[in-house]
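A short write-up of the structure that comes next.
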């Protein structure tokens with residue numbers, strides 16, 4: 001499903017870029033590349049944050065698979081307060 005959406009998006013970008021002059025196409029490509037890098041960086045940052053939360057829960061002795069999202073938040077907040 002995601003591959004279809006991704007390929008459709010790539011096709012749309014290619015069609016849009018093909019109708020532009022070369023100088024403008026270069027500028028747009030650079031902009032799109034920067035946006036993709038930013039999205040990847042944000043995704044990696046979010047994944048690392050989730051990983052640290054999971055590790056904190058494990059060190060506190062909780063099984064994350066048995067916790068509801070609201071329970072996770074409360075436990076992590078209590079851990080932050082205790083550290084301060």
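The values are calculated or read from the model by the stated rules, or taken from the named source; none is laboratory data. Because the structure is a prediction, the values reported are computed rather than measured. Neighbour counts run over all protein chains shown; Cβ positions are idealised from the backbone, glycine included.
Summary of values
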{"quantity": "Positions within region 1-46 being at pLDDT below 85, in contact with a helix residue (DSSP H, G or I) (Cβ under 9 Å, 6 or more places away or on another chain), surrounded by 10 or more Cβ atoms within 10 Å (Cβ to Cβ) and in a helix (DSSP H, G or I), in sequence order", "calculated": "13, 16, 17"}
{"quantity": "Members of region 55-66 found to be surrounded by 12 or more Cβ atoms within 10 Å (Cβ to Cβ) and assigned to a helix (DSSP H, G or I), listed by number", "calculated": "56, 57, 60, 64"}
{"quantity": "Residue selected from region 67-84 under the condition surrounded by fewer than 10 Cβ atoms within 10 Å (Cβ to Cβ) and at pLDDT 85 or above, by the criterion nearest to residue 9 (Cα to Cα)", "calculated": "69"}
